[in-house]
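Notes to accompany the following structure.
The values are calculated or read from the model by the stated rules, or taken from the named source; none is laboratory data. The structure displayed is predicted, hence computed values, not measured ones. Please note: Cβ atoms are built from the backbone with ideal geometry, for glycine as well, and neighbour counts cover all protein chains shown.
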């Protein structure tokens with residue numbers, strides 16, 4: 001495509017529609033994969049005999065790989081061309097779906113999920129760029145509307161389908177079913193995207209990239225393994241901390257002294273952008289954590305079937321769709337108020353999760369998930385509008401890279417912290433509750449206190465121990481949801497420190 005000819009002359013209508021279909025299918029597949037993996041976490045945990053923190057690695061390291069690889073998108077496009085990057089990214093992403101389904105250990109699953117996150121990272125920022133370049137300006141509103149529908153409908157349909165397949169077959173089919181979708185998207189992109197070559201000098205500060213990757217990776221490893229290894233009593237955790245601190249220090253030194261750093265820290269002088277990075281980190285922390293915690297709670301301790309787990313996870317997509325429509329009507333208001341309202345809604349949803357018990361109904365959880373999705377849909381647009389106000393156009397790709405980097409890092413870290421809190425608190429609660437289960441406790445001799453529970457035989461004690469474990473876990477999850485609520489509420493006043501954008505749009 002040349003600069004002197006418009007896109008609608010160079011590319012026919014049929015070809016543009018195939019590009020639109022393939023791009024929307026690609027980005028829908030990316031977001032669906034995260035929710036599908038969350039839906040089948042309990043089944044994968046049982047299949048691999050893994051602990052909750054081990055199986056959560058399949059989500060946290062996937063998100064972390066995406067965070068690290070996404071800033072490389074500009075270099076990849078400059079080096080290989082946009083068409084090549086999109087086709088290979090989508091094709092490899094689809095192939096890893098097949099490999100995840102064939103994994104025989106939790107380590108193998110985590111490995112392919114890491115590859116999957118890195119492979120899919122370039123597709124998310126490139127899709128919108130491709131659509132806006134291929135379609136003429138008069139059709140941009142329509143194209144972005146179709147794109148938004150694909151982004152929201154995929155996470156609605158995907159978890160429900162994944163839960164159904166996990167129940168009637170097994171969790172592997174939740175990944176297998178997405179492989180042909182990715183293959184169709186890759187073939188469509190290869191057949192429709194115009195050929196392009198290198199866009200300019202392919203430069204990437206490998207020193208900054210490797211230092212940042214090492215710092216973030218070692219911190220994630222420390223958070224993921226800390227609870228199991230008793231934190232700083234372990235030499236492994238001590239070494240991970242040393243590597244993290246040293247790598248991050250060297251990364252900061254390189255960023256401040258290099259003429260062409262991996263990330264330009266001078267962008268932080270823009271107040272809205274600096275606060276926007278803080279808020280998008282909080283947004284990432286809140287966005288994925290319930291999708292990791294709730295499936296395990298529902299399947300392991302509440303006895304929900306996989307199909308219901310998928311419906312609860314998919315309810316977030318319905319709320320997200322409503323949130324995107326709500327943004328249309330809220331665009332006339334000050335976006336700072338919209339952001340504060342979005343985080344307030346998240347806090348309300350978190351407070352609702354703090355009130356549940358083991359007898360909660362699926363409908364209550366679906367409504368809560370829809371409320372979380374509503375907040376997400378409201379926040380995405382408003383945060384983007386405010387955070388990039390005043391950023392020069394030539395700095396926009398780099399600013400976007402940092403923005404998405406921190407969002408994914410926030411999600412990965414907070415999931416690890418929440419899972420560690422669940423494991424720690426479950427053990428503490430079990431020790432405290434089991435203290436009162438004793439034949440020397442006079443209350444245990446009263447039939448209206450013990451009910452159907454007995455302490456006289458080994459089988460009855462085993463059943464009672466199982467119930468104590470369930471109640472201990474429920475308290476632990478409520479503690480994690482309390483952390484979620486506190487973080488949501490803390491972001492509300494922070495949003496009010498933003499400057500009102502000079503240009504609305």
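Table for the structure above
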| read-out | value |
| --- | --- |
| Residues satisfying the stated conditions in the stretch 301-323, i.e. more than 19 Å from residue 37 (Cβ to Cβ) and under 18 Å from the mean Cα position of the chain (by Cα) | 318, 319, 321, 323 |
| Test: residue in the stretch 88-98 that is buried (at least 24 other Cβ atoms within 10 Å of the Cβ) and within 13 Å of residue 66 (Cα to Cα) | yes |
| Condition met for residue 113 (within 24 Å of residue 71 (Cβ to Cβ) and in contact with a helix residue (DSSP H, G or I) (Cβ under 7 Å, 6 or more places away or on another chain)) | yes |
| All positions within the stretch 129-152 that are in contact with a helix residue (DSSP H, G or I) (Cβ under 7 Å, 6 or more places away or on another chain) and either closer than 19 Å to residue 33 by Cα or surrounded by 19 or more Cβ atoms within 10 Å (Cβ to Cβ) (or both) | 130, 131, 134, 135, 143, 147, 148, 150, 151, 152 |
| So residue 291, is it closer than 26 Å to residue 467 by Cα and not assigned by TED's automatic domain parsing to the domain that holds residue 74 | yes |
| Breaking point among (1) within 21 Å of residue 41 (Cβ to Cβ); (2) crowded, with 21+ Cβ neighbours inside 10 Å; (3) more than 18 Å from the chain's Cα centre (by Cα), for residue 295 | (3) |
| Test for residue 205: is it over 21 Å from the mean Cα position of the chain (by Cα), under 30 Å from residue 251 (Cα atoms) and buried (at least 17 other Cβ atoms within 10 Å of the Cβ) | yes |
| Hits in the stretch 16-39 (condition: modelled with pLDDT of 85 or more and more than 16 Å from residue 184 (Cβ to Cβ)) | 16 |
| Meets criteria (outside the structural domain of residue 386 (by TED's automatic domain parsing), surrounded by fewer than 19 Cβ atoms within 10 Å (Cβ to Cβ), out of contact with any strand residue (DSSP E or B) (no Cβ under 9 Å at 6 or more places or on another chain) and closer than 19 Å to residue 406 by Cβ) for residue 245 | yes |
